[in-house]
1. More than 17 Å apart: what percent of Cα pairs in the stretch 4-123 qualify?
2. Given springs between every Cα pair under 10 Å in a Gaussian network model of the chain, which of L16, L248, L193 has the largest fluctuation?
3. Quick one: which of 35-45, 266-276 comes out on top by average Cβ neighbours within 10 Å, and what's the full order, highest first?
4. Once you keep just the Cα pairs under 8 angstrom separated by 6 or more residues, what percentage relative contact order results for the chain?
5. Would you mind counting up the charge near P190? Only other residues with Cβ under 14 Å from its Cβ, with Lys and Arg at +1 and Asp and Glu at -1.
6. Using the alpha carbons of the stretch 2-74, what is the convex hull volume per residue in cubic angstrom, as a whole number?
7. So, counting K/R as plus one and D/E as minus one, what does the shell of residues with Cβ under 13 Å around E117 add up to?
8. Please report the antiparallel percentage of the DSSP beta bridges confined to the stretch 85-275, to the nearest 5.
Amino acid sequence: MSEDIDDSAYDLETELLIEALYQKFHYDFRHYARSSVKRRLQHALSRFHCPTISHIQARLLHENGFLQELIDVITVPTTEMFRDPTYYAALRTEVLPVLKTYPSLKIWIAGTSTGEEVVSFCILLKEEGLLEKTVIYATDINQRVLDQASRGIYDTETIKRATLNYRESGGKGMISDYVSVAYGSARVDPNLLKNVVFSSHSLATDAVFGEMHLVSCRNVMIYFDRPLQNRATALFRDSLVRGGFLGLGSRESMRFLDTAPAFKALNESQRLYQKL
Ligand SMILES: C[S@@+](CC[C@H](N)C(=O)[O-])C[C@H]1O[C@@H](n2cnc3c(N)ncnc32)[C@H](O)[C@@H]1O
């Protein structure tokens, strides 16, 4: 019995916190998969040494700077360079040959986190001779990860891990061609990132902002419920030119979404789609 009371109190506190984040700060987690939000909030309880979610809510409403700390815990920044190398191999062989026919390109990387996906795209585009004519819009809801991404500085472990992925993705050179290591950290060549615009944008609340040839949104929609997945993919559909490409994460798919009829599968196993 007492467990039921605790569970229902916990559920209610979770809903109230989500509502507070939305009403006071316009961060909209109302359509995130509850299981994932609850796991993150469990983590928040121990991280902030709070006995209940209501204590977290009090800090959120009354303590300067706490919002960013909470956003850091609720959003999941996990990423790596050339994550799922076969995705990048498929981009290289199936998508970039078509993109080469356009005089200029716009690419949107939604949910970019700390920028490893952006760096991977920039390397790929450079090796295929497309970087100079491309603008990349790299967006996220978490300003802290965007700031980190725009600095282009990573620890050397990140680069070590990237080396194998890069080779498996069909990389034509060496990661060290693009990154210089000094004093224990690695700096991405600033020229590589010069056509990247980093900006805050939420797939839950914001609108389309440009006409894209390719959208890559990987490992973001796994945290969304079906209505929010429909919203996000409608933004991708509306922002893509006809024949534009959409890439999703390995555990995501267009199947069963309301927006599926607007796309054909180019390579379902690599989660690559093309707008009809
Ligand atoms: C797991 S990371 C994925 C990073 C990268 N795309 C990858 O696949 O390696 C998920 C990112 O999505 C961002 N995110 C979560 N909700 C979002 C939303 N509503 N709009 C845009 N980005 C969001 C998070 O802040 C986080 O940086």
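1. Details: 4645 of 7140 pairs.
Counting every Cα pair in the stretch 4-123, those more than 17 Å apart make up 65 percent.
2. Ranking L16, L248, L193 by mean-square fluctuation puts L16 first.
3. On the way: 35-45: 14.9, 266-276: 17.8.
Averaged packing, sorted descending, gives the order 266-276, 35-45.
4. Values: 408 pairs, mean separation 47.1, N = 276.
Relative CO of the chain lands at 17 percent.
5. +3
6. Working: hull volume 6.1 nm³, N = 73.
Residue-normalised Cα hull volume stands at 84 Å³.
7. Working: positive: R83, R218; negative: E80, D84, E116, D140.
That works out to -2.
8. Values: 14 of 33 bridges.
So the antiparallel bridges in the stretch 85-275 amount to around 40 percent.
Coordinate-derived values only; no laboratory data. It should be emphasised that the depicted structure is a prediction, and the values quoted were computed from it without experimental measurement. Counting neighbours? That spans all protein chains shown, and the Cβs are built from the backbone with ideal geometry, glycine included.
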